[in-house]
């Protein structure tokens, strides 16, 4: 599976903007899309279905999108559209709230209420990742969730950072997923979206245990990823940072193929492998590559690397040099 990509570059210039208007309306319900320069329009969209969750990526220039009461009456998919803006600036208005969004902001809007948005930065295309959430299945109080419409929800720290990085990583790795992966990731994405919105409406206590577990696991994953270079990274250190017991930490990982320690070792070795293959780091001694990613003992690093890759770190680098040099 993977992203199904639609790109105006594959169409004659005179048909590109009209095609874009049609494909936007198919995804979010009938929408009035206008553009000052339709003749030079260029945009792309990717769609990834993960069972219960559907993710769309979009890249487009300055334009305006409106859903009026009349258009809603024609057809309404009854969804929340939760969007992470990656680049550009966008003005959004819904439910008497107006906000100018910057890269890193989440924005949520409802397909069932009049909506108006406009890209305001003509120096670069707007790029965004959108998660479609069926309202009827959403487990949080609708009257409280609606208070978040057209408000900027940050992604720099906390639950927002976990959720944002999850969405971006799914898009980046989509081509590697199997059908089973997609179903599992759909449930995980749904849980993280629920946790993210619950945090903003002070409803975290209402989250089911499965959702709280998924959120904690993603926090643990990101903490490990961000601290691979620390030689002190270990199950006790991870547990202490997250104020949980080491026993609970191991229980959380019990349903996975790898233990906590195995995960740390694999990710460190992957980082080392990438550095050894990087021509820009060819002057960096092999033992320094290991030290860079938490392996403090050179001999131990070499043994561990050989056990995982079948060759020593030095041979790994030399083979790559022969292949690509």
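The residues on offer are 113, 70, 127, and the sole one that is closer than 27 Å to residue 166 by Cα and surrounded by fewer than 20 Cβ atoms within 10 Å (Cβ to Cβ) is 127.
Within the stretch 1-16, the set of residues being part of a helix (DSSP H, G or I), over 18 Å from residue 127 (Cβ atoms) and either within 27 Å of the chain's Cα centre (by Cα) or touching a residue at least 24 places away in the same chain (Cβ under 8 Å) (or both) comprises 10, 13, 14. Counting only residues that are touching a helix residue (DSSP H, G or I) at 6+ places or on another chain (Cβ under 7 Å) and under 22 Å from residue 226 (Cα atoms), the stretch 293-303 holds 4 of them. Selection of helices (runs of 4 or more DSSP H) fully inside the stretch 200-309 by the criterion of at least 2 residues being assigned by TED's automatic domain parsing to the domain that holds residue 146, under 24 Å from the mean Cα position of the chain (by Cα) and free of Cβ contacts under 8 Å to residues at least 40 places away in the same chain returns 209-226. Candidates 47, 62: the one that is in a loop (DSSP other than H, G, I, E, B) and in contact with a strand residue (DSSP E or B) (Cβ under 6 Å, 6 or more places away or on another chain) is 62.
The values are calculated or read from the model by the stated rules, or taken from the named source; none is laboratory data. In this text the structure is predicted, and so the values were computed from the model without any measurement. In this analysis, Cβ positions are derived from the backbone assuming ideal geometry, glycine residues included, and neighbour counts consider all displayed protein chains.
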